[in-house]
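In what follows, a single structure is set out as structure tokens and then discussed.
The values are calculated or read from the model by the stated rules, or taken from the named source; none is laboratory data. This one's a predicted model, so the numbers in the text were calculated from it and none came from an experiment. Every residue, glycine as well, gets a Cβ built from its backbone with ideal geometry; the counts of neighbours run over all protein chains shown.
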Amino acid sequence: MSRRYHADYHMHSMHSPDSRTPVEELCRTAIQKGFQEIASTDHFAFDAPGYPVGFFNLRYLEKLMADIEAAQKQFEGQLIVRKGIELGQPMVNPALAKSVLESFQFDYVIGSIHKIGTLTLSNVAYNAKNVEDICLNYFDAMYDLADEGDFDCLGHIDVIRLYAAKQGTPVDMMEYEEQLIPIFRRVIERGKGIEINSTGFRQEISTTLPGLDLLKLYRSLGGQIVTIGSDAHRAADIGSGWSESAILAKQAGFDYIALYEDRRPTLIPIES
Ligand SMILES: [Zn+2]
Ligand SMILES: [Zn+2]
């Protein structure tokens, strides 16, 4: 009988400025929670002048990769540890993004947008008046990323929904169907995918990013490639919401999740 295969494809270690968890602890917890595979996906943010010196440079990546390689050896036979990275708004500096991705042999690259210009999406005071403009600007930037960026899956594609909901401003992402369709089409044409990010289960929206409606839309356009990731910034959150996300993926019509090695996807059946 085959064992269910669970792979958490989005998490942050102490190398990210917003996490204090060693890679080793991420791995131990993943094993304890019954996961067979993880992708460690620390941040590499572009246009991030507010961050302390020491992040988001070559030395940062060297330390991070060394830790992942050590974990790969330490947990060999117990857990597959993939070398991932979450690029934040890489289209701000495509030349730097290219050199980052050429510096190391990554297995999996998430393309995310956390900032538009000087606006940090998690810090905006959202209200019914400004949310539409912010969403339109965000989806413009997301289209550029989908169209020309180097990534494997787009990260938390409707993340504004999460931040706005925290402030009591619900956003129906299907109102942006016109913006989302071309993004999904480019992702599909380019053989890339989107992630199903379960962080929302730990917050006000109580569901995934994107939600069931957007997942169905992506599927209806021919989308096949999805990964599932917790976006854990501490060990306790590893794998949380994974099974619920898998159930939603199935409801949306996906039978497989993607795993990545050397940036090539393999599809395996989803077992919640
Ligand atoms: Zn992110
Ligand atoms: Zn993340």
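Side notes on the structure shown:
- Screening Ala246 against (1) away from ligand 1 (no atom under 16 Å from the Cβ); (2) in contact with a helix residue (DSSP H, G or I) (Cβ under 9 Å, 6 or more places away or on another chain) leaves a single unmet condition, (2).
- The residues of segment 193-211 that are crowded, with 21+ Cβ neighbours inside 10 Å and not polar (S, T, N, Q), listed by number, are Gly193, Ile194, Glu195, Ile196, Gly200, Leu209, Pro210.
- Looking only at residues in segment 142-186 that are away from ligand 1 (no atom under 16 Å from the Cβ) and among the acidic types (Asp, Glu), the one that is nearest to Leu87 (Cα to Cα) is Asp150.
- Of all residues making up segment 217-243, the number that are part of a helix (DSSP H, G or I), surrounded by fewer than 18 Cβ atoms within 10 Å (Cβ to Cβ) and of a type in the set (D, E, K, R): 1
- Members of segment 206-223 found to be away from ligand 2 (no atom under 12 Å from the Cβ), closer than 16 Å to Leu180 by Cα and under 17 Å from the mean Cα position of the chain (by Cα), listed by number: Pro210, Gly211, Leu212, Leu214, Leu215, Tyr218, Gly223
- Scan of segment 251-271 for residues that are surrounded by 14 or more Cβ atoms within 10 Å (Cβ to Cβ) and either in a helix (DSSP H, G or I) or free of Cβ contacts under 8 Å to residues at least 60 places away in the same chain (or both), ordered by number: Ala252, Phe254, Tyr256, Leu267, Ile270
- Residue within segment 76-87 that is exposed (fewer than 15 other Cβ atoms within 10 Å of the Cβ), over 15 Å from the mean Cα position of the chain (by Cα) and not in a loop (DSSP other than H, G, I, E, B) present: no
- Unique match (being out of contact with any Lys or Arg (no Cβ under 8 Å at 6 or more places or on another chain) and modelled with pLDDT of 95 or more) among Ala125, Ala146: Ala125
- Of all residues in segment 161-182 being hydrophobic (A, V, I, L, M, F, W, C) and under 11 Å from Pro210 (Cβ atoms), the one that is surrounded by the fewest Cβ atoms within 10 Å (Cβ to Cβ): Met174
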